[in-house]
Structure formats: structure tokens, C-alpha cells
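For reference, the structure is listed below as C-alpha cells.
The values are calculated or read from the model by the stated rules, or taken from the named source; none is laboratory data. A quick note: this is a predicted structure, and the numbers were derived from the prediction, not measured. Positions of Cβ are backbone-derived with ideal geometry, glycine not excepted, and every protein chain shown enters the neighbour counts. Ligands, DNA and RNA are excluded from the accessible area calculation, which covers all protein heavy atoms including side chains. Shrake-Rupley method; radii C 1.70, N 1.55, O 1.52, S 1.80 Å.
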Amino acid sequence: MSINWRVPVGFLLAPAAPCAIYVLTMAAIAGQWNGAVFIFWALTAPSIGTSLAIALPIYLLLNRYWKVRLIECLLGGAGTALLLNLVLFLVIAYAFPERGYSAGDSGGDTIVNGKYTQHGMVQVALGVIQSMFFGATIGICFWFIALYRPVTKRA
């Protein structure tokens, strides 16, 4: 059985493009270029770790029992981000049960007396949706790097 060398390369390189696009866009909008390289690596390193820890076993399982196509990579990336958000939420909830109060970002308190406010729930939902979109873009990049085969016409 031969292994496709593009698969491990895909897991290592797929997070780089979405992270770079995000960092360059945010730096251009804010006009702050000083920390762009640091933010790039602060996004890319955990994304690669998450890809190897969560997405690689999902890929191996799917590859064994299913044909891995673009839709599976897209849903796998979004699902990986959702799973990571769930794990982080549970770790924070059990590690810090007495959170008390959290001054909100963009318009209000997020946690009061250890419970999420309505604004807090919206902020959490938006964060999860954003990370799922980010995970889906990483999945698409993985598909292009590792699995895409251009169709060639035969004369």
C-alpha cells in the first residue's frame, strides 16, 4: 500500500493560507502591521496542532470507510472547530466554576453570577460560527493540497 505524500503535507500546510489571509486582512483594516507575524504564528501553530490531534484521526477514519471528497473536508474542518470549541468550553466551565462576572465586549456583560447573559450567548455563538468557518476554510485548503486532482482532457 502506497501512501499519498500530499496528505501529511496537507495537514501541515493547510492552516497557513487561511491564517495568512485573516492576519493580512485584519492588519490592513486596523493599519497595524507590527504584530502580524506573531499573530500569524499564534493562529497557525494551534491550528496545525488541532489538525494533527483531531482532524488527522477523522481523516484516517473517513478514508478507511468512505471516499474523502471536498464536502467531507469542508464538514470535517467545521466539525473539528466545533469539537475544539466544545472541549474548550467544558474545560473552562469545570476549571473555573465560580466565574462570577465578565465585562462584555461589544455591548454588554457576557457572564453575570456565573451564568451567560443573552448578549453572552450571542457572543459565544458568533465565536463558534467564526471558528467553524475558519475550520471549513482549512478543510478546503487541505483538500486542494492533499486530494485535488485536476481533470485532464484526453485528445
Open item on the list: Being at negative phi, assigned to a helix (DSSP H, G or I), open to solvent by less than 80 Å² (accessible area, probe 1.4 Å) and modelled with pLDDT of 90 or more is true for just one of 55, 17. Which residue is that?
Closed with: 17
- [ ] Go through (1) at pLDDT 85 or above; (2) closer than 21 Å to residue 133 by Cβ; (3) open to solvent by 80 Å² or more (accessible area, probe 1.4 Å) one by one and return the number of the condition residue 80 breaks.
- [x] (3)
- [ ] Kindly indicate whether residue 10 is closer than 24 Å to residue 149 by Cα and either under 17 Å from the mean Cα position of the chain (by Cα) or in a helix (DSSP H, G or I) (or both).
- [x] yes
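To keep it simple, each residue is scored yes or no on (1) surrounded by 11 or more Cβ atoms within 10 Å (Cβ to Cβ); (2) in contact with a helix residue (DSSP H, G or I) (Cβ under 6 Å, 6 or more places away or on another chain); (3) without any contact (Cβ under 8 Å) to a residue 24 or more places away in the chain; (4) not small (Gly, Ala, Ser).
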position: 13; (1), (2), (3), (4): yes, yes, no, yes
position: 27; (1), (2), (3), (4): yes, yes, yes, no
position: 32; (1), (2), (3), (4): yes, no, yes, yes
position: 35; (1), (2), (3), (4): yes, no, yes, no
position: 39; (1), (2), (3), (4): yes, yes, yes, yes
position: 43; (1), (2), (3), (4): yes, yes, no, yes
position: 50; (1), (2), (3), (4): yes, yes, no, yes
